[in-house]
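The values are calculated or read from the model by the stated rules, or taken from the named source; none is laboratory data. All values reported here derive from a predicted model rather than from experimental measurement. Glycine gets a Cβ as well: all are built from the backbone with ideal geometry, and neighbour counts include every protein chain shown. Keep in mind that these areas ignore ligands, DNA and RNA; they rest on the heavy atoms of the full protein, side chains included. Shrake-Rupley method; radii C 1.70, N 1.55, O 1.52, S 1.80 Å.
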Amino acid sequence: MSDKLFIGVMSGTSIDSLDAALCRISQNSFKLIASHTIKWDESVHTLLHSLCSSSSDEIEKMPLACNSIAEHEARVVTELLDKANISADKICAIGTHGQTVRHRPEQNFSLQLDNGPMVAAITGIDTIVNFRAADLANAGQGAPLTPIFHKLLLSKQGVNRFVLNLGGISNITALDNKGGILCGFDCGPANTLLDLCCREILHLDYDADAKVSSQGHVVDSILNELLQNSYLSKPFPKSTGREDFNRNCIAPYLDMCKAGKLAIEDLLYTLSVYTVKCVSLHIEAIVNKYKLERGGELVLCGGGALNPLIVRLFEKSMLDFDIKTYISQDFGIDASYLEAQAFAYFAYLFVSGIAPDIKDCTGATRPSILGCLCPATDGCYSSRLK
Ligand SMILES: Nc1ncnc2c1ncn2[C@@H]1O[C@H](COP(=O)(O)OP(=O)(O)OP(=O)(O)O)[C@@H](O)[C@H]1O
Ligand SMILES: CC(=O)N[C@H]1[C@@H]2OC[C@@H](O2)[C@@H](O)[C@@H]1O[C@H](C)C(=O)O
């Protein structure tokens, strides 16, 4: 297939915003052309947060949430196309992730709310959704999927590289010095617990530029309690979400803050150290399992790569392994749009009929074609059939 235009749309576990990336993709090349982000309307934001845990009347709320998500996805796509001055008929397909509200791979499901037919109807572009289901159907975790995209963008001959996405949850991809994927899995929380504290105590969405957390100190007793979380010692492949890392993990510390017995600066600093520790203990496990030589590179991406305290803590912690820390911007990759670009790439793989091999990351028994097609009337799919 000659190069074609694809759009990826991503809303991650932080539920902070909806990102879209327009990419030109062929068998041998990948190029980001334009990107755009929009905020969720306040009422949708509240609804999506509420659907992340059990509540009454979910059957009624869920399809309404799917419709609102699709309207937002169509809006971010339309605004992106306006920005890039490209018309919808030039786009081969959209890949939308949807909003994860439950992830239970042990029960064979991962639920991303979305309404693909509605996105296709509004935009007039074929839309591919539900990217995790086929992997789960082949006994995989359905996550993380991005390791194949990390490999495409960041593998390098001669160096072991760890690509780390710091979104709500952190996920790592280990690439060996021949450019292959050794493994990829979720490490634990990245921003989800930090953001929760900010919303509840500081009434802020997040601690921009670590202004508050940088003033704090680590509280060892809290750090040690947090490190008891059973997910951390589970063998990989594995994946997680708000099911394992949610308000319950930090409820006593939030109460201490409210009672004036713990400074919010110290809680945020401790959670930042926790984020880094959840990764470094897994890097140690990877180094031991694959008997890797000392050295290598860690590339940070996702929103956490914009947090200066977290970057500093990684730089220091990686010295123990002789690993040098970078942020994806160092390689010309915008840290915030990496996952949106990944879903443009997954749409390309679907349209090309390629089943990517991510068995080493998800634990699936075999590769599968990821995604389900929602054709637009007069979209690329229908014109190919005519
Ligand atoms: N300048 C900044 N300073 C500190 N933290 C930041 C900054 N910019 C972004 N962040 C953090 O990054 C978070 C958003 O990250 P991102 O958009 O990668 O999350 P996500 O898409 O929900 O991720 P995922 O699906 O990978 O869990 C914010 O909620 C915030 O905690
Ligand atoms: C179920 C789900 O939505 N998982 C997300 C989440 O956010 C980060 C991490 O946990 C990762 O496993 C995954 O997202 C990316 C896009 C992935 O599949 O690689």
All but one of (1) in a helix (DSSP H, G or I); (2) closer than 27 Å to Asn307 by Cβ; (3) more than 16 Å from ligand 1 (Cβ to nearest atom) hold for Phe149, so report the exception by its number.
-> (3)
Test for Leu262: is it buried (at least 18 other Cβ atoms within 10 Å of the Cβ) and more than 16 Å from Ile172 (Cβ to Cβ) | yes
Which pairs do you get when a residue that is open to solvent by 10 Å² or more (accessible area, probe 1.4 Å) and in a loop (DSSP other than H, G, I, E, B), found in region 177-204, comes within reach of a residue that is β-branched (Val, Ile, Thr) and near ligand 1 (Cβ under 9 Å from one of its atoms), reach meaning Cβ atoms under 9 angstrom, with the pair 6+ apart or on two chains?
-> Asn191/Thr13; Asn191/Ile169; Asn191/Ile310
Thr365 versus (1) modelled with pLDDT of 95 or more; (2) outside the structural domain of Lys211 (by the TED database); (3) open to solvent by less than 70 Å² (accessible area, probe 1.4 Å): which is the lone unmet condition?
-> (3)
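Working carefully through the options Gly241, Gly184, find the one that is at pLDDT below 95, under 19 Å from Thr146 (Cβ atoms) and within 16 Å of ligand 2 (Cβ to nearest atom).
Numbers: Gly184 fails: at pLDDT below 95.
Sole residue among the options that is at pLDDT below 95, under 19 Å from Thr146 (Cβ atoms) and within 16 Å of ligand 2 (Cβ to nearest atom): Gly241.
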Just for region 147-172: of the residues that are open to solvent by 10 Å² or more (accessible area, probe 1.4 Å) and either aliphatic (A, V, I, L, M) or not assigned by the TED database to the domain that holds Phe245 (or both), which one is farthest from Cys372 (Cα to Cα)?
-> Val159
Per-region count, region 115-131, residues open to solvent by less than 30 Å² (accessible area, probe 1.4 Å) and not in a helix (DSSP H, G or I) = 6
Does region 53-68 contain any residue that is small (Gly, Ala, Ser) and at pLDDT 95 or above?
-> yes
So which residues in region 297-337 are over 17 Å from Pro189 (Cα atoms), within 16 Å of ligand 1 (Cβ to nearest atom) and open to solvent by less than 10 Å² (accessible area, probe 1.4 Å)?
-> Val299, Ser328, Ala335
